[in-house]
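Read-outs throughout are calculated quantities, based only on the coordinates presented, and are distinct from any laboratory measurement. Please read these numbers as outputs of a predicted model, since none were measured by experiment. Cβ placement follows ideal geometry from the backbone for every residue including glycine, while neighbour counts extend to all protein chains displayed.
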2 protein chains.
Amino acid sequence: MALADPWSGVQAQLRARGLRWTPQRRLILEVLAAQDGHVTGSDVVERCRERDALTTPSTVYRTLEVLEEVGYLHHSHGPDGRQEYHVLPTREHAHLRCDVCGRTWEVEPDEARGLLDGLRQARGFRVDLGHLTIAGRCRDCTADS
Amino acid sequence: MALADPWSGVQAQLRARGLRWTPQRRLILEVLAAQDGHVTGSDVVERCRERDALTTPSTVYRTLEVLEEVGYLHHSHGPDGRQEYHVLPTREHAHLRCDVCGRTWEVEPDEARGLLDGLRQARGFRVDLGHLTIAGRCRDCTADS
DNA sequence: CTTGCTCCTGCGACTTGTTGCAATAATCTC
DNA sequence: GAGATTATTGCAACAAGTCGCAGGAGCAAG
């Protein structure tokens, strides 16, 4: 699971910024590495606690914040406003979420190109695509109503 | 401010659904009517308390929920995931929010047309525009970096 | 390996909501 | 107007985060 470990550089990254490598941070990184896709903040807290019952929420959230600054994470907000962390974002992409069934999909930049360019030209607004979650109703759930 | 009062029908609307008209609900409606644009949930709670110190948060949130079901309100989530209520939505529109200065703008359906149609055709996904908040950086804040 | 600078951690308190429950009170019917 | 129904309220507890603070611990320098 740690073959071509994409996390290997984190420690160095942190140190280069004068930040520190602590057992707590390592645990959080391990938890994040052990799963891909999306996680909510409380998911991370819970999984850390499974491994170390002494884990404190504030530490987790602060670490998540740091990791986002360093670029290893990205977060956006779910349907209910809960934080959703997206591990190791390859290229920036938005999310689509069905209000009915709760499934989510990734939206590549190309699909949103029109909107992005439009807002940029008309308003000079640069969209933070990675933070964008589009709610609505998917094909399967559109049947009724 | 209450000339052609747009709230006049609420009581009837509620009753028609077997719901009730209570002093608490009237207060909340008054607070909402006394201001247009966006409000966060806690804003509403606070303003209700200014008028009636006994106001309970749960009552406010539950009423807001009811009012949304009836169609007098719309809510989406702010930058930090906090709930933002949008009073009396005329036509459905999305929001643009600058991460730097915090200002927001409304985005008319036409501007997002491309994205909406694209997602609809490619994936059969119907976007809930009113719930969409697009984060990014506005023209003024794009100067640096 | 000791020292010291600061970053981090953990704690407790607080914010913003949400939820279950028993008591209250709108509204309907007679 | 009295009684029955059942939607609503208010409370208390909980969930998801955030924040300030004092003590502890990385890390680099000597």
### Query
Residue by residue through region A:110-119, which ³J(HN,Hα) values in whole Hz follow from phi under the Karplus form 6.51 cos²θ - 1.76 cosθ + 1.60 (θ = phi - 60°), with glycine and proline marked x?
4, 5, 9, 3, x, 4, 4, 5, x, 5
### Summary
Kirkwood Rh over alpha-carbon pairs of chain A plugged into Stokes-Einstein at 25 °C, 0.890 mPa s gives a D in µm²/s of 144
### Stokes-Einstein diffusion coefficient of region A:64-145, Kirkwood radius over Cα pairs, 37 °C, 0.692 mPa s, in µm²/s
234
### Summary
Here region A:44-59 yields Karplus 3J(HN,Hα) values (6.51, -1.76, 1.60; θ = phi - 60°; whole Hz; Gly and Pro given as x) of 4, 4, 4, 5, 5, 5, 4, 8, 8, 4, 8, 4, 9, x, 4, 4
### Query
For label points placed 7 Å from Cα toward Cβ, what is the shortest-first list of nm distances from B:Arg82 to its copies?
2.1
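With an 8 Å Cα cut-off and a minimum separation of 6 or more residues, compute the relative contact order for region A:17-145 in percent. Mind dumping the intermediate values first?
Details: 147 pairs, mean separation 26.9, N = 129.
RCO, region A:17-145: 21 percent.
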### Message
Taking A:Glu30 in one copy and the same position in all the others, each labelled 7 Å out along Cα→Cβ, what are the pairwise distances from the first, in nm, shortest first?
### Response
5.9
### Task
Give the order of A:Cys141, A:Cys101 when sorted by the count of other beta carbons within 10 angstrom, beginning with the fewest.
A:Cys101, A:Cys141
### Query
Each residue of region B:135-142 in order: what ³J(HN,Hα) in whole Hz does its phi give by Karplus 6.51 cos²θ - 1.76 cosθ + 1.60, θ = phi - 60°, with x for Gly and Pro?
9, x, 10, 7, 4, 4, 8, 8
### Query
With each pseudo-label sitting 7 Å past Cα toward Cβ, what's the B:Leu19-A:Glu65 distance in nm, one decimal?
3.7
### Task
Hey, can you grab everything whose amide H is under 5 Å from the amide H of A:Thr40? Only 5+ residues off in sequence or another chain; H modelled, so Pro and N-termini drop out.
A:Tyr85
### Summary
The answer for A:Asp99, listing residues at least 5 apart or on another chain whose modeled amide H is closer than 5 Å to its amide H, is A:Gly136, A:Arg137, A:Cys138
### Query
Taking Cα atoms, how many degrees apart are the long axis of helix B:23-33 and the longest axis of chain B, rounded to 10 and kept between 0 and 90?
40
### Message
Once the label point is set 7 Å along the Cα-to-beta-carbon vector, what list of distances in nm do you get between B:Glu50 and its counterparts in the other copies?
### Response
4.8
### Summary
Semi-axes a, b, c in Å (a largest) for the protein assembly as shown, each sqrt of 5 times a Cα gyration tensor eigenvalue, come to 37, 24, 19
